[in-house]
Amino acid sequence: MKKHLFTIALAILSVSCSLIDKLDDLTKFDIPYDTSFEVKAALPIGTKLNISTPPVKTNSEEHFDINKTAKNLVEEVKLSELTLEITAPDDANFDFLKSMAVYISAEGLEELNIASINAIPSGTKKISLVVEDADLTPYIVGDQITFRAESVTDKLTTQNISISMHSVFRVDAKILGL
């Protein structure tokens, strides 16, 4: 009899944990941000690049409203994805760079490294950076953010290179009291 009660208790606990995990997933959502920047032509090899994007409006209040939450209910925001893609010229690739790091900043907050790549694959037009494990809540709940790309050139560039940046921030918030 005790064995059956123990088995039933384990089954109930398993279902409860599964339900809690599913409810917890309902309190998470993604906020994507897209921006771009340009690398100027004719930079000498070994040049350290520091290129800031124009400020990006977070529109966080709108995202929070859509997801039935508010900024005071946000528990944590983490970067889950950051990719860079060359959009022009068509024949360009990332071979002109040794490495890349991307930073985020916002008014009243320190600049913070959020992603980087140290070994850029040869001949590629799109790269995924390794994201840092940092809570970015103060940046995302604000009105706007700015990104800065930092790198060192490895080859001479003969044309301006346009790069688009796609980032996805994973928000974990309390939704309707969950």
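What follows is calculated from the coordinates using simple rules that are stated; it is not laboratory data. Worth saying up front: this structure is predicted, and the values here are computed from it rather than measured. Positions of Cβ are generated from backbone atoms using ideal geometry, with glycine treated the same way; all protein chains shown enter the neighbour counts.
Can you list residues from other chains, or at least 5 along the same chain, whose modelled amide H is less than 5 Å from the amide H of S99?
V152
How far apart, in nm, are two points set 7 Å out from the Cα along the Cα-to-Cβ line at A101 and at Q144?
Those two pseudo-labels are separated by 2.5 nm.
Can you list the HN-Hα couplings for segment 130-147, worked out from phi with the Karplus curve (6.51, -1.76, 1.60; θ = phi - 60°), rounded to whole Hz and with x for Gly and Pro?
7, 7, 7, 8, 9, 7, 9, 3, x, 6, 7, 6, x, 7, 8, 10, 10, 9
Taking θ as phi - 60°, what are the ³J(HN,Hα) couplings along segment 62-67 by the Karplus curve (6.51, -1.76, 1.60), each to the nearest whole Hz, with x for Gly and Pro?
Per-residue couplings from phi come out as 5, 5, 5, 4, 4, 9 Hz.
For every other residue with a beta carbon closer than 10 angstrom to the beta carbon of N50, add +1 if it is Lys or Arg and -1 if Asp or Glu, then tell me the sum.
Combined, the nearby Lys, Arg, Asp and Glu give +1.
Cross-link list K40/K155; K57/K125; K57/K98; K28/K78; K28/K126: which exceed 20 angstrom alpha carbon to alpha carbon?
K57/K125; K57/K98; K28/K126
Extending each Cα 7 Å along its Cβ direction at I45 and K57, get the distance between those two points in nm, one decimal.
So the two model labels end up 4.5 nm from each other.
For K174 and E110 in the same chain, what is the full-extension length gain: residue separation times 0.36 nm, less their Cα-Cα distance, in nm?
Working it through step by step, the gained length comes to 20.4 nm.
What percent does the relative contact order of segment 30-173 come to when contacts are Cα pairs within less than 8 Å and at least six residues apart?
Reported relative contact order: 47 percent.
Note down the nm distance, to one decimal, between modelled labels 7 Å out along Cα→Cβ at T158 and at K28.
Going from the T158 label point to the K28 one covers 4.7 nm.
Using amide H atoms built 1.01 Å from N in the peptide plane, name the residues 5+ places from S80, or on other chains, whose amide H lies under 5 Å from its own.
The answer is V168, F169, R170.
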